[in-house]
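The values are calculated or read from the model by the stated rules, or taken from the named source; none is laboratory data. Keep in mind it's a predicted model, so treat the numbers as computed, not measured. Using ideal geometry, Cβ is built from the backbone for each residue, glycine included, and neighbour counts are taken over all protein chains shown.
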């Protein structure tokens, strides 16, 4: 995400030492989908009035009510790709090839990426930090240096894509630094997905359906600590547990959330592309759309 990052390791330490809430248990079964015409009309009106292209997918996990608009169309992931990287890191941990407490040595030459706003870029070469700290940087602060490092540790883009295909994800792919996907990267950036697949990835990962239950639970806890809470997350009361990830590049804004609401858990994913508004300001049209759509869904499902 190209958003100014806090230039302080104090914030990092705070993020890493917060005591997490316990993860909610996985649902015993997935109910059949039921179309929600009221919510569809509200969200579709917003999406159709957007100056650019917008797609969304929302599902109430307890009773199956759902809505979708351009939900199976390819969109850029921006930083939502980090949910896929996290999932593959979890699979590597389950396989015994990585451990959460592995001590890693920071080597900027290996990452080969410059990002002045990234916290990891401010570390000195040779500094030590455990794997779970790097994951926390990727998720909480959307640190691109940390994410590229983890993409490499997870086997690289091709290995992540093969794993995603094995798990049934047909459209969600890593493009950056992935042989054979140069044209896709030019068109869609670091990664690509659909609103429906990104919502499914979030749910299946946090339920432990893509990894072991313990790894899914750990992923769920880490996804609860986003620093970027001013858009879709801002519509959710602070007392409600939410696993989330945000994405932002010049012509796209995106967010995926698993909300553990009093009215029942629901998943929300909205992604834009071809935005005219490229400003990195709070009133960017994509940010406004995310806030308004999330508020509508919360008022409909959450209370």
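Considering only residues in the stretch 89-105 that are part of a loop (DSSP other than H, G, I, E, B) and without any contact (Cβ under 8 Å) to a residue 40 or more places away in the chain, the one that is farthest from residue 129 (Cα to Cα) turns out to be 95. Quick check: anything in the stretch 52-72 closer than 26 Å to residue 261 by Cα, out of contact with any helix residue (DSSP H, G or I) (no Cβ under 8 Å at 6 or more places or on another chain), surrounded by 18 or more Cβ atoms within 10 Å (Cβ to Cβ) and modelled with pLDDT of 95 or more? Looking for residues that are closer than 26 Å to residue 261 by Cα, out of contact with any helix residue (DSSP H, G or I) (no Cβ under 8 Å at 6 or more places or on another chain), surrounded by 18 or more Cβ atoms within 10 Å (Cβ to Cβ) and modelled with pLDDT of 95 or more, one finds at least one in the stretch 52-72, hence yes. Mind listing just one residue for me: the one in the stretch 281-291 that is surrounded by fewer than 24 Cβ atoms within 10 Å (Cβ to Cβ) and within 19 Å of the chain's Cα centre (by Cα) and, of those, farthest from residue 208 (Cα to Cα)? Among those residues, the one meeting the criterion is 288.
Can you confirm whether residue 189 is buried (at least 20 other Cβ atoms within 10 Å of the Cβ), at positive phi and in contact with a helix residue (DSSP H, G or I) (Cβ under 9 Å, 6 or more places away or on another chain)? When the stated conditions are applied, residue 189 passes them.
With respect to residue 124, determine if the residue is at pLDDT 95 or above and more than 21 Å from the chain's Cα centre (by Cα). It is false that residue 124 is at pLDDT 95 or above and more than 21 Å from the chain's Cα centre (by Cα).
Could you tell me whether residue 149 is surrounded by fewer than 19 Cβ atoms within 10 Å (Cβ to Cβ) and either assigned to a helix (DSSP H, G or I) or in contact with a strand residue (DSSP E or B) (Cβ under 6 Å, 6 or more places away or on another chain) (or both)? In short, no.
Of all residues in the stretch 107-130, those being in contact with a strand residue (DSSP E or B) (Cβ under 8 Å, 6 or more places away or on another chain) and either within 22 Å of residue 214 (Cα to Cα) or touching a residue at least 24 places away in the same chain (Cβ under 8 Å) (or both) number 3. Output yes when any residue across the stretch 74-86 is closer than 21 Å to residue 289 by Cβ and part of a strand (DSSP E or B), and no when none is. So far as the stretch 74-86 goes, yes, one or more of its residues are closer than 21 Å to residue 289 by Cβ and part of a strand (DSSP E or B).
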